[in-house]
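Please read the structure below before turning to the comments.
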Amino acid sequence: MEEKVLEIINQIRKNNNLDGLSNLNKTDNLRDDLGFTSFDLAELTVKIEDIFNIDIFEDGLVNTVGEIFQKLS
Amino acid sequence: MNILITGVSRGVGIEICTVLLEQGNNIYGIARTHTDEFKNLEYNYKGKIHFKSFDLSDGDNVNEEVFKDFIGKNPIHGFVNNAATAYDDIISNLNLDRLKNMYNVNVFTPMMLTKYVLRNMLLYKVKGSIVHISSISVHTGYKGLAMYASSKGALEAFSKNTAREWGQLGIRSNIVVPGFMETAMSSTLSEEQKDRIYKRTSLKTVTSIRSVAETVAFLLSDKAESITGQNIHVDNGTI
């Protein structure tokens, strides 16, 4: 699951001309560390929902990679 | 193009489906009732038209029922928010339950549908087009239509802001503002009342349902690629 999330995050970073990451840290902040805008977060949400059938934004904002893993586990 | 349309049981909804099918589009239609008029279109356009029975007063199950069960993994290129319910009365008689029910159908569920339409367009990277059907009552005012007009005014503001928010992804949102048409919704009006309404228009007649449907189809198409955030009046020039 964590590898799939990394793959999705790298897809979005690539679209924004950002370098791909080799690994994710649970404390990584999606906006500050990964450079995601609100539209990037929206794209991340729909891509994750498409694969895992879970809406990570359903009950409020998600800030870190660890919070995504928690919702998907 | 795959087009999601609400309120496809009769009137304007059926006419919009007809125009879009004639142009070769695929229709995903939603309504409470599966009418003979819609079944007739299904017969004539087999495989190009799909129906889902869904009550728009239920905003909680939009994702599950409409998007996961009905649309599935298909990209949506256009969304037409056409369904509406009318609640006519003078304001001093306003009933809160009836008002809330109307807002569920006319505003809240359409907003939830828009949420998931945008998510679908985002997932499939579609530069889609959204069209809401409003009402001339928002712009002129008619006795007894204050509550109904307020719900359509909310949609106009929502559309304008959808256009601004999602324009950078190439997604457009527009409003079609029809004048008074001969539909079930206006069937309670007397001939005298209708004549008074038509006299307030430049063309002095009833608004053509076909003209409304053709305008919706135009706004959904690439011909309207530079039009967003607009209210397009199809109202015989209502004064």
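Under the √(5λ) rule applied to the eigenvalues of the Cα gyration tensor, what semi-axes describe the equivalent ellipsoid of the stretch B:114-239? Give them in Å, descending.
Taking √(5λ) for each eigenvalue gives 30, 15, 12 Å, largest first.
Arranged from highest to lowest average of other beta-carbon atoms within 10 Å per residue, in what order do the peptides B:11-18, B:208-215 appear?
Details: B:11-18: 24.2, B:208-215: 19.5.
Descending packing order for the listed peptides: B:11-18, B:208-215.
Can you give the Kirkwood hydrodynamic radius for the protein assembly as shown, in Å, rounded to one decimal and based on Cα pairs? Mind showing how you got there, number by number?
Numbers: mean 1/r = 0.0476 Å⁻¹.
About 21.0 Å for the protein assembly as shown.
Report the calculated FRET efficiency for B:ILE239 and B:SER92 (r = Cβ-Cβ distance, R0 = 25 Å), to the nearest 0.05. Don't skip to the end; give the middle numbers.
Details: r = 27 Å, r/R0 = 1.10.
Rounded to the nearest 0.05, the efficiency is 0.35.
For B:GLU65 and B:ILE227, calculate 0.36 nm times their separation in residues minus their Cα-Cα distance, and state this gained length in nm to one decimal. Don't jump to the answer; show the numbers that get you there.
On the way: separation 162, 0.36 × 162 = 58.32 nm, distance 3.12 nm.
This chain segment gains 55.2 nm when fully extended.
Got a number for carbon plus sulfur as a percent of the stretch B:2-234's accessible area, 1.4 Å probe? Don't skip to the answer; put the middle values down first.
Numbers: 5240 of 10750 Å².
Its accessible area is 49 percent carbon and sulfur atoms.
Taking only DSSP H segments of four or more residues, each worth -39500 (n - 2.57), what value at 222 nm results for the protein assembly as shown once the sum is divided by all its residues, to the nearest 500 deg cm²/dmol? List each step's numbers first, then the result.
Working: 11 runs with 127 residues, N = 312.
One gets -12500 deg cm²/dmol as the mean residue ellipticity at 222 nm.
For the residue pair A:ASP19 and B:THR205, what label-to-label distance in nm results when each label sits 7 Å from Cα along the Cα-to-beta-carbon direction?
Distance between label points: 6.9 nm.
Would any residue of the stretch B:22-65 have its amide N under 14 Å from a label point 7 Å out along Cα→Cβ of A:ASN53? List them or say none.
Residues B:64-65 qualify, since their backbone N sits under 14 Å from the label point.
Would you look at the GNM of chain B, springs on alpha carbons closer than 10 Å, and say which of B:ALA157, B:ALA217, B:ALA149 moves the most?
B:ALA157
Just give the residues from the stretch B:116-137 buried by at least 30 square angstrom of accessible area in the all-chains context relative to the isolated chain, probe 1.4 Å, and say none if nothing qualifies.
Those are B:ARG119, B:LEU122, B:LEU123, B:LYS125, which lose 30 Å² or more relative to the chain on its own.
Using a loss threshold of 30 Å², tell me which positions in the stretch A:40-58 are less accessible in the complex than in their chain alone. Probe radius 1.4 Å, ligands and nucleic acids ignored.
Going by heavy-atom accessible area, the residues of the stretch A:40-58 that drop by at least 30 Å² are A:GLU43, A:VAL46, A:GLU49, A:ASP50, A:ASN53, A:ASP55.
For the stretch A:2-72, which whole-number percentage of the solvent-accessible area (1.4 Å probe, protein heavy atoms only) is attributable to carbon and sulfur atoms? Please report the intermediate quantities before stating the final value.
Numbers: 1630 of 3890 Å².
In the stretch A:2-72, the share of accessible area belonging to carbon and sulfur is 42 percent.
List the accessible area buried at the contact between B and A, summed over both sides and calculated with a 1.4 Å probe, in Å² to the nearest 100. Please report the intermediate quantities before stating the final value.
On the way: alone 11590 and 4610 Å², together 15160 Å².
Using a 1.4 Å probe on protein heavy atoms, the buried area is about 1000 Å².
Around B:ASP58, with a cut-off of 14 angstrom between Cβ atoms, what is the net charge of the other residues, counting Lys and Arg +1 and Asp and Glu -1? Mind showing how you got there, number by number?
Working: positive: B:ARG32, B:LYS52, B:LYS100; negative: B:ASP55, B:ASP60, B:GLU64, B:GLU65, B:ASP69.
It works out to a net charge of -2.
Report the local net charge at B:GLY7: Lys and Arg +1, Asp and Glu -1, summed over other residues whose C-beta lies under 13 Å from its C-beta. Let's see the in-between values first.
Values: positive: B:ARG10, B:ARG32, B:LYS52; negative: B:GLU15, B:GLU37, B:ASP55.
Result for the neighbourhood of B:GLY7: 0.
Just need the relative contact order of chain B here, percent rounded to a whole number, with Cα pairs under 8 Å and 6+ apart.
Numbers: 425 pairs, mean separation 48.0, N = 239.
Computed over chain B, the figure is 20 percent.
Tell me, what is the per residue accessible area of the stretch B:2-234 in Å², probe radius 1.4 Å? Could the numbers behind the result be given before it?
On the way: 10750 Å² over 233 residues.
The answer is 46 Å² per residue.
Considering only DSSP beta bridges where both residues belong to chain B, give the percentage that are antiparallel (nearest 5). Working shown, then result.
Numbers: 1 of 27 bridges.
Roughly 5 percent of the DSSP beta bridges within chain B come out antiparallel.
What net charge is computed for the residues neighbouring B:HIS132, neighbours being all others with C-beta under 13 Å from the C-beta of B:HIS132, Lys and Arg scored +1, Asp and Glu -1? Before the final figure, lay out the partial values.
Numbers: positive: B:LYS152, B:LYS160, B:ARG172; negative: B:GLU156.
Around B:HIS132, the surrounding residues sum to +2.
Please check: in the Gaussian network model of chain B (C-alpha springs, under 10 Å), which one of B:LEU155, B:LEU169, B:LEU56 has the largest mean-square fluctuation.
B:LEU169
Given a Förster radius of 51 Å and the C-beta distance between A:THR27 and B:ASP58 as r, what FRET efficiency does 1/(1 + (r/R0)^6) yield to the nearest 0.05?
On the way: r = 40 Å, r/R0 = 0.79.
Efficiency computed from Cβ-Cβ geometry: 0.80.
The values are calculated or read from the model by the stated rules, or taken from the named source; none is laboratory data. This is a predicted model, so every value here is computed, not measured. Cβ: placed from backbone, ideal geometry, glycine included. Neighbour counts: every protein chain shown. Quick note on the areas: whole protein, heavy atoms, side chains included, nothing else; ligands and nucleic acids left out. Shrake-Rupley method; radii C 1.70, N 1.55, O 1.52, S 1.80 Å.
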